[in-house]
Amino acid sequence: MSDLTQSPRNMGALWKRIDKALLVIVLIPLMVAVFDPAQLWPTLRFAAGAIAQTGVFIAFAVLAIGYLKATGAESLLARAFEGREVKMIFLAALMGGISPFCSCEVIPFIAALLAVGAPLSAVMAFWLSSPLMDPAMFLITGGTLGFDFAIAKTLAAVALGLFGGFVVKGFANGPVFANPLREATVQSGCGCGSNPFTGKPEWRFWHETERRDMFRETVVDNAFFLGKWLLLAYLFEALMLHYIPAEMIANVLGGNGLMPIILGALVGAPAYLNGYAAVPLVDALLTQGMSNGAAMSFVIAGGVSCIPAAIAVWALVKPRVFFAYLGIAMVGAMAAGMIWAIVA
């Protein structure tokens with residue numbers, strides 16, 4: 001009886017420990033081998049070739065992130081929240097659009113700022129722009145979708161941050177944004193640390209053992225993270241290109257007008273895996289007929305509403321502020337899609 005009662009618990013614990021992305025990476029070739037053996041080698045060849053093509057961008061990105069982490073450059077982020085409110089909104093949107101730090105890592109930092117009275121407008125500007133772009137994502141996006149798209153997405157990220165920041169500033173005393181904080185803050189659960197935003201950067205980090213260790217660990221962790229998600233995304237891309245009729249994508253998300261852009265934003269919110277995995281998926285959708293405007297609205301709406309970014313906001317503010325965050329993101333995503341459809 002003891003074995004029977006413990007087995008489900010052990011299976012549950014094992015399931016929690018399994019990396020779901022790696023599990024899917026293994027299952028996709030197995031399923032293809034069972035149901036369509038002739039497509040197995042083309043699927044693997046496509047994914048391997050795509051990884052090789054973006055390898056230089058991945059390598060440069062993980063080394064850049066490792067350098068910024070090892071030097072302690074995160075502390076520069078705090079300067080975006082000093083000074084007058086309008087200046088803070090501009091700096092927060094800009095820093096959010098270029099910072100290479102994960103959403104959960106930002107939670108304790110933002111919690112401390114809000115607790116000591118930093119304006120929600122600047123925090124909202126950072127929250128909206130931060131998940132949309134970072135150096136690694138810029139390189140991978142540029143290498144896959146073109147640097148015109150990467151630059152446009154970066155500008156859209158900063159613009160969305162400014163839009164959200166000034167909306168909050170304009171309605172700061174209204175019922176939605178007044179008294180925004182939850183009674184108790186939720187601590188970060190990703191192991192990023194309590195507050196990495198203190199101290200001064202040490203640009204020659206290799207002189208200190210602890211910083212060298214941090215550089216090595218960060219490079220390895222990010223190489224594994226990026227490689228895992230990109231491999232998964234390229235496998236999905238191979239399946240999409242082969243099994244999903246291009247006419248269907250073109251009919252739903254292709255063509256001109258506002259509707260494909262609106263649908264791109266609505267589809268992007270639930271369909272987004274993360275910013276890195278989304279790049280190959282968008283590439284596949286564009287190949288199959290997705291419009292340029294829909295692609296931009298997809299990546300903007302999906303990036304802001306993806307689980308890590310959403311949790312960072314939900315953890316600290318009341319639901320009304322959280323839903324305002326999502327609403328601002330959807331409006332901004334559609335606006336970005338419309339502009340990109342015109343200029344692309």
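Every number here is computed from the coordinates shown, using simple stated rules; none is lab data. Source: prediction; values computed, not measured. Here the Cβ is made from the backbone with ideal geometry for all residues, glycine too, and neighbour counts use every protein chain on show.
Quick notes
- Across the range 165-172, rounded Karplus estimates of 3J(HN,Hα) from the backbone phi angles (6.51 cos²θ - 1.76 cosθ + 1.60, θ = phi - 60°) give x, 6, 5, 5, 4, x, 10, 4 Hz, Gly and Pro being marked x.
- Estimated vicinal HN-Hα couplings, Hz - the range 150-155 in sequence order (Karplus 6.51, -1.76, 1.60; Gly, Pro = x): 4, 5, 4, 5, 4, 5
- Judged by the mean number of other Cβ atoms found within 10 Å, the most tightly packed of the peptides 236-243, 23-30 leads the ranking 236-243, 23-30.
- Local net charge near G174, Cβ-Cβ under 14 Å (Lys/Arg +1, Asp/Glu -1): +3
- Near V317, the amide H atoms lying under 5 Å from its own belong to R182; only residues 5 or more places off or on other chains count, and H is placed 1.01 Å from N.
- Too-long pairs where the Cα-Cα distance tops 24 Å, listed order kept, from K69/K228; K87/K153; K16/K153: K16/K153
- Computed from backbone phi with θ = phi - 60° and the Karplus coefficients 6.51, -1.76 and 1.60, the 3J(HN,Hα) list for the range 251-265 is 5, 8, 10, x, x, 9, x, 7, 4, x, 5, 5, 5, x, 5 Hz; x is used for glycine and proline.
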